[in-house]
1. Does the stretch 16-41 hold any residues that are touching a Phe, Trp or Tyr at 6+ places or on another chain (Cβ under 8 Å), more than 23 Å from Arg215 (Cβ to Cβ) and either β-branched (Val, Ile, Thr) or within 16 Å of the ligand (Cβ to nearest atom) (or both), and which are they?
2. Restricting attention to the stretch 42-80, which residues are among the small types (Gly, Ala, Ser) and away from the ligand (no atom under 16 Å from the Cβ)?
3. If Thr121 meets every condition in (1) among the polar types (S, T, N, Q); (2) at pLDDT below 95; (3) surrounded by fewer than 21 Cβ atoms within 10 Å (Cβ to Cβ); (4) under 26 Å from Ile11 (Cβ atoms) apart from one, which number is that one?
4. Going through the stretch 129-165 one residue at a time, which ones are farther than 29 Å from Thr239 by Cβ, under 15 Å from the mean Cα position of the chain (by Cα) and crowded, with 20+ Cβ neighbours inside 10 Å?
5. Here is a check on your reading of the model: is Phe108 within 16 Å of the ligand (Cβ to nearest atom) and among the aromatic types (Phe, Trp, Tyr)?
6. Against the conditions (1) touching a helix residue (DSSP H, G or I) at 6+ places or on another chain (Cβ under 9 Å); (2) in contact (Cβ under 8 Å) with a residue 24 or more places away in the chain, where does Thr158 fall short? Just the number, please.
7. Pull up the stretch 140-178, narrow it to residues that are part of a helix (DSSP H, G or I), within 16 Å of the ligand (Cβ to nearest atom) and of a type in the set (Ser, Thr, Tyr), then point me to the one that is farthest from Met193 (Cα to Cα).
8. Could you please give the count of residues in the stretch 179-198 that are among the small types (Gly, Ala, Ser) and within 16 Å of the ligand (Cβ to nearest atom)?
Amino acid sequence: MSNRKRLDELITLSVELGKPGNDYVILGEGNTSARANDETFWVKASGKSLNNIDAGGFVQVDYAAVITTLDSRSLSDSAIKQALREATIGETELLPSVETMFHAVCLFEAGAEFVGHTHPTAVNAILCSQHAKEAYSGRIFPDEIVVCGPEPVFIPYTDPGLTLSIAIREGIRAYQDRLQRDPKLILLQNHGMIALGRTASEVQRITAMAVKVSRILQAAYAVGGPNFLSAERVARIDTRPDEHYRQRMLEGQ
Ligand SMILES: [Zn+2]
C-alpha cells in the first residue's frame with residue numbers, strides 16, 4: 001500500500017470515528033494513528049477534531065524518539081511536549097497529541113497498523129461506573145469474541161500522557177505473555193477505549209462492536225446482570241474454523 005493511500009485511509013477512518021451520529025467523540029476528543037513505514041507513524045495533531053480532519057491535521061513522528069520519551073518514565077509535562085516536538089518529522093507548527101506515546105506502543109509492539117482511540121458515551125457509561133472492571137470481565141455473545149478477541153486489556157484509571165502510556169505498555173505485555181497474541185481492544189477506566197486493527201476498517205468494526213457490547217451490558221444490568229459465557233464457550237468461538245472464516249470475510253468487506 002502506498003504511503004498516500006495509507007494516509008487517506010487514516011483520514012477516512014478518523015472522519016468516520018468522528019461522525020456526530022456515532023457518539024464516539026465530541027470536540028477535540030480522541031485520536032488516531034497509522035504506521036507510515038518501519039520507523040515512523042502518523043498521529044493526530046493536538047487540538048484537531050476527528051470529524052473534519054484532513055492530511056493537514058496529522059503529524060508524522062519518529063517511533064524510536066517517541067519510545068525514548070516513554071522509557072524516560074518521569075519527564076515533566078513541558079519536557080514531554082518538547083520531546084514530542086523533537087520527534088516530529090518535517091517543518092510544522094503542529095504538536096503531536098499527548099497520547100502519541102501509547103499509539104507508538106500499539107503500532108510497534110502490539111501488531112496494529114491502524115489505531116483508533118475514542119471516548120464513546122456508551123462505553124464510558126460503563127467505564128465510569130462502579131463496576132467497570134466486572135462488566136468487561138466476561139464475554140456476552142459470539143460476535144463480540146470474533147471482532148474484539150477473547151478478552152480486552154483493562155487499564156485502571158491513571159494520569160493521561162506518560163503514566164497512562166506506561167500502564168498501557170505493561171498491560172499489553174502482560175496480555176501477550178498470558179494469551180500469546182496481540183489485543184484488539186484496550187479499555188481505559190474513567191477515560192475511553194483503544195481499537196487496534198490490522199486495517200482501518202478493522203478499527204471501525206472493533207469500535208462499533210465495543211459500543212454495541214456496552215449498550216447490551218447497560219440493558220443486561222437493568223435485567224439482573226449479564227449472563228457471561230463460560231471460558232469453554234469463549235474458547236470454542238475463538239478457535240472454531242468457521243469463525244475464522246467469518247473474520248476473513250469481514251476483512252474483505
Ligand atoms: Zn483519550
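The values are calculated or read from the model by the stated rules, or taken from the named source; none is laboratory data. Quick caveat, the model's predicted, so the values are computed rather than measured. A quick note on method: Cβ atoms are made from the backbone with ideal geometry, for glycine too, and the neighbour counts reach across all protein chains shown.
1. Keep residues of the stretch 16-41 that are touching a Phe, Trp or Tyr at 6+ places or on another chain (Cβ under 8 Å), which gives 17-18, 30, 32-36, 39-41.
Checking the rest, the ones that are also more than 23 Å from Arg215 (Cβ to Cβ) come to 33-36, 39-41.
Listed by number, the residues that qualify are Ser33, Thr40.
2. Answer for the stretch 42-80, where residues must be among the small types (Gly, Ala, Ser) and away from the ligand (no atom under 16 Å from the Cβ): Ala55, Gly56, Gly57, Ala64, Ala65, Ser72, Ser74, Ser76, Ser78, Ala79.
3. Evaluating Thr121 over (1) among the polar types (S, T, N, Q); (2) at pLDDT below 95; (3) surrounded by fewer than 21 Cβ atoms within 10 Å (Cβ to Cβ); (4) under 26 Å from Ile11 (Cβ atoms) leaves (2) as the failure.
4. Ser165
5. Details: within 16 Å of the ligand (Cβ to nearest atom): no; among the aromatic types (Phe, Trp, Tyr): yes.
Spelling it out, it is not the case that Phe108 is within 16 Å of the ligand (Cβ to nearest atom) and among the aromatic types (Phe, Trp, Tyr).
6. (2)
7. That would be Thr163.
8. Selection size over the stretch 179-198: 2.
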